[in-house]
Protein chains: 2
Amino acid sequence: MQDPLGAFMPDGLFSLQETEVGPLAGLTFAVKDLFDVAGQATSAGNPAFRRDHPEASAHAASVARLLSAGARLIGKTITDEFAYGMNGINGHYGAPTNSEAPGRVTGGSSSGSAAAVAGGLCDFALGSDTGGSVRVPASYCGLFGLRPTHGRVPLVGVVPLAPSFDTVGWFARDAALLARIAALLLNREAVASFEPRRLLLAEDAFALLDPAVRTALDPQVKRLKDRFGSVTAINLAGPMGNLENLREVFRLIQAREAWTAQGGWVTRHWEDISPDVAERFHQAAAVTDVQVQAAEKQRVVYTEWLSELLHEGALLCLPSALGPAPRLDQPIDSLGEWRLNTLRISCASPLARTPQISLPVAQVGGLPMGLSLMAQQGGDETLLAFAGRFTQTPEPGSQLDVF
Amino acid sequence: MQDPLGAFMPDGLFSLQETEVGPLAGLTFAVKDLFDVAGQATSAGNPAFRRDHPEASAHAASVARLLSAGARLIGKTITDEFAYGMNGINGHYGAPTNSEAPGRVTGGSSSGSAAAVAGGLCDFALGSDTGGSVRVPASYCGLFGLRPTHGRVPLVGVVPLAPSFDTVGWFARDAALLARIAALLLNREAVASFEPRRLLLAEDAFALLDPAVRTALDPQVKRLKDRFGSVTAINLAGPMGNLENLREVFRLIQAREAWTAQGGWVTRHWEDISPDVAERFHQAAAVTDVQVQAAEKQRVVYTEWLSELLHEGALLCLPSALGPAPRLDQPIDSLGEWRLNTLRISCASPLARTPQISLPVAQVGGLPMGLSLMAQQGGDETLLAFAGRFTQTPEPGSQLDVF
């Protein structure tokens, strides 16, 4: 196989099939190079990290389970360094090509996984989503992407960034396949079964978008509203007051956890890390206990508020990103600012541990733009089923397009 | 291969090897028939449950990961029905033979896994531990057994009993192998690194034992005490007042969770379930919301108390069971009462989500009896390393037997 999109690691193409039978037989997939594949060292997007670590002794638990279900693994994809980024530009391994948005980033940190699925190189791909790393590239590349409820997919064999936010997520070109993967990867103890009854709209998040982006999403929001009969506007920031505050709560906790997880190695390798990511780690090291403790308290308050809001059948509609994929050829500082602004929208589900799905239902000037739905913790299956019905093209004259 | 011990399911012997390289190459293992193996229906110890459910579409995440590390899976072992038992007597599939204690039960619910490892049929085996189902059979069969920190090993593909207590655990004949499995199965985000500095002794738990059992454990407790220099007696019941209350908190929450997880199926299959397990489910169905809410509150209080106690390097020593394995040929009611009494000792780590290891360091009248060590959440690696040093036979005259 070829890799015309630069989605895979330099020597990251191979073919691994454990069985030819199973529910995923005939399907191919790729995994972000944050996931262990037995016999290969995991880079986490950094060549020195890769050299410093032994070959993985076993597949990541999620990878192993997919292989046992008959899927064929075709390779390891590029990730932003330590998954601590959102743009899909890796200083060592490059920026995968976004086949759906020429000259634009794929988004990250699951950049190569999104690029590979969008470009048709494989049927689905695993990524990880700590602060938006599946939902944002899904939005930029015109894909379905799921961030599951925190804790429902095992992280064993995945390099950690911020464990209380880290999730295994995945991309596919249709909702049905997204759901088939979910049926294999999600644990079953934490299912919250309910019928979607109410629609909430994150007004403050939509207010951050350019008018052209809002206009592009409007018809889909209208379709949602028609299905539910009504919509209730809320502020995603909730008790945090505004989305800047919300993002700051996330940033502080993520920084502390990232420093705890990777600071030891990073301290010995400052010169091996791209400047923008190194700067992020420097800032992470400087976060104080007092800041973290205050942020943790805020997180509890926020989670209780959002859980209450989503309780009993509400789905929350919000943009998947701040807009379509930014141009590749802009200054790194400008992309860094874009990342921080994007986090204002994407950090809600990580903070509250809720599932969120990005649906490729809109375009802005020919570029993909995703719309997201969030459900209560454990509502992954409901979210996937609803997304399947909502995105299915109804037969002409059909009356089936209801739930 | 033969199964002279009746440890495996009737058609449960096979050979599955995915790769011949990896850190577990050359080792064989078995898994409790609560774990999915692709292409086979999982019984959870009940023939009707097995008939009612389709063949598993993928291996349980833990099984898949071990296979990817080179271990060879030789079969599925008998479990107590729904893992809702502790004696190792399955009304449908029989009672595996305890090679280390003739005429005695193996303990359960991971009965066949313990029997297979004790009898040398495989090198290690996976079980599950909700209320003692690894530690108790390890104690009865003279094995090392680990119940890890709750949540550190994925449960995807394992039939749930009581999710907030359910853990994947495992058995081996030596501490080193127990630790090698841990290195593969435990997630790395939740590691609590510390040096064991203090020894605590669960006085009220030891007080439940027959004098002969206490006498058998005494020299090992003395060895522990010599290593730490001192020992602090505590009551395992802590703020619950007595161990009967502690057990009741566990029983109520377990009952509610078991009913939530399995009640739907059970309600349609009362006649297919062994009377003692059916009775347990009847009682579970009768537990009230008020009881559960009160128990959940008590659990929080207990967990905070125990976490505080174990903080900063304490290990807690307690018996693994109430005594050596009971005789097979006694009335089922008497074994049921033995189970409830055993839970008074074994429910502490499930309630507080702490790791606990059972060490085969004693015998009572020629029968194995385990001694347990518990650490704070995330202290699994420390516990395993300490257990390895503690159970290693020192060279004559060696000065190395210190930590």
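The values are calculated or read from the model by the stated rules, or taken from the named source; none is laboratory data. Note that the coordinates shown come from a computational prediction; the quantities given were computed from them, not determined experimentally. Note that each Cβ is placed from the backbone with ideal geometry, even for glycine, and that neighbours are counted across all protein chains shown. Side chains included, ligands, DNA and RNA excluded: accessible areas come from the protein's heavy atoms. Shrake-Rupley method; radii C 1.70, N 1.55, O 1.52, S 1.80 Å.
So which strands (runs of 3 or more DSSP E) stay within the stretch A:1-112 end to end and still have 2 or more residues that are of a type in the set (Val, Ile, Thr)? Quick ask: steps written out before the conclusion?
Details: elements: A:8-17, A:28-32, A:72-77.
Counting at least 2 such residues, we get A:28-32, A:72-77.
Take the conditions more than 14 Å from chain A (Cβ to nearest Cβ) and crowded, with 19+ Cβ neighbours inside 10 Å and apply them to residue B:116. Does it pass?
Working: more than 14 Å from chain A (Cβ to nearest Cβ): yes; crowded, with 19+ Cβ neighbours inside 10 Å: yes.
Yes.
Answer with yes or no whether residue A:72 is out of contact with any strand residue (DSSP E or B) (no Cβ under 9 Å at 6 or more places or on another chain), of a type outside the set (A, V, I, L, M) and either within 14 Å of chain B (Cβ to nearest Cβ) or open to solvent by 10 Å² or more (accessible area, probe 1.4 Å) (or both). Walk me through it before giving the result.
On the way: out of contact with any strand residue (DSSP E or B) (no Cβ under 9 Å at 6 or more places or on another chain): no; of a type outside the set (A, V, I, L, M): yes; either within 14 Å of chain B (Cβ to nearest Cβ) or open to solvent by 10 Å² or more (accessible area, probe 1.4 Å) (or both): yes.
No.
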Evaluate the stretch B:100-112: report whether one residue or more is within 16 Å of residue B:158 (Cβ to Cβ) and more than 18 Å from the chain's Cα centre (by Cα).
no
Just to confirm my filter: which helices (runs of 4 or more DSSP H) fall fully inside the stretch A:289-403 and include at least 2 residues that are open to solvent by 10 Å² or more (accessible area, probe 1.4 Å) and free of Cβ contacts under 8 Å to residues at least 12 places away in the same chain?
A:289-310, A:332-346
Working only within the stretch A:18-40, note down all residues that are touching a residue at least 40 places away in the same chain (Cβ under 8 Å) and closer than 27 Å to residue A:98 by Cα.
A:24, A:26, A:27, A:28, A:29, A:30, A:31, A:32, A:33, A:34, A:35, A:36
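Is it the case that the stretch A:147-156 has a residue that's more than 14 Å from chain B (Cβ to nearest Cβ) and surrounded by 24 or more Cβ atoms within 10 Å (Cβ to Cβ)? I'd like the intermediate steps shown before the answer.
Applying the first criterion (more than 14 Å from chain B (Cβ to nearest Cβ)) to the stretch A:147-156 yields A:147.
Next, from what is left, pick out any that are surrounded by 24 or more Cβ atoms within 10 Å (Cβ to Cβ): A:147.
Yes, the conditions are met somewhere in the stretch A:147-156.
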With a cut-off of at least 1 residues that are within 12 Å of another protein chain (Cβ to nearest Cβ), name the helices (runs of 4 or more DSSP H) lying wholly within the stretch B:160-262.
B:175-185
Going by what's in this entry, would residue A:204 be described as farther than 30 Å from residue A:67 by Cα and without any contact (Cβ under 8 Å) to a residue 12 or more places away in the chain?
no
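If you check B:2, B:40, which single one turns out to be more than 8 Å from chain A (Cβ to nearest Cβ) and under 27 Å from residue A:155 (Cβ atoms)? Even if it seems obvious, please write down each step before you answer.
On the way: B:2 fails: under 27 Å from residue A:155 (Cβ atoms).
Just a single option satisfies the conditions, and that option is B:40.
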Would you check if there is a residue in the stretch B:87-102 being more than 23 Å from residue B:131 (Cβ to Cβ), more than 9 Å from every other protein chain (Cβ to nearest Cβ), surrounded by fewer than 20 Cβ atoms within 10 Å (Cβ to Cβ) and free of Cβ contacts under 8 Å to residues at least 12 places away in the same chain?
yes
Which numbered condition residue A:57 fails, given (1) within 14 Å of chain B (Cβ to nearest Cβ); (2) open to solvent by less than 40 Å² (accessible area, probe 1.4 Å); (3) hydroxyl-bearing (Ser, Thr, Tyr)
(2)
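Rundown of residues vs (1) away from chain B (no Cβ under 13 Å); (2) of a type in the set (A, V, I, L, M, F, W, C); (3) open to solvent by 10 Å² or more (accessible area, probe 1.4 Å), yes/no style:
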| residue | (1), (2), (3) |
| --- | --- |
| A:14 | yes, yes, yes |
| A:27 | no, yes, yes |
| A:47 | yes, no, yes |
| A:51 | yes, no, yes |
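Taking the conditions exactly as written (more than 30 Å from residue A:158 (Cβ to Cβ) and within 20 Å of the chain's Cα centre (by Cα)), does residue A:171 satisfy them or not? Let's see the steps before the verdict.
Details: more than 30 Å from residue A:158 (Cβ to Cβ): no; within 20 Å of the chain's Cα centre (by Cα): yes.
The answer is no for residue A:171.
Let's see how each residue does on (1) at pLDDT 95 or above; (2) more than 26 Å from residue A:306 (Cβ to Cβ); (3) of a type in the set (Val, Ile, Thr); (4) surrounded by fewer than 17 Cβ atoms within 10 Å (Cβ to Cβ):
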{"residue": "A:225", "(1), (2), (3), (4)": "yes, no, no, yes"}
{"residue": "A:234", "(1), (2), (3), (4)": "yes, no, yes, no"}
{"residue": "A:240", "(1), (2), (3), (4)": "yes, no, no, no"}
{"residue": "A:246", "(1), (2), (3), (4)": "yes, no, no, no"}
{"residue": "A:250", "(1), (2), (3), (4)": "yes, no, no, no"}
{"residue": "A:254", "(1), (2), (3), (4)": "yes, no, no, no"}
{"residue": "A:258", "(1), (2), (3), (4)": "yes, no, no, no"}
{"residue": "A:271", "(1), (2), (3), (4)": "yes, yes, no, yes"}
{"residue": "A:279", "(1), (2), (3), (4)": "yes, yes, no, yes"}
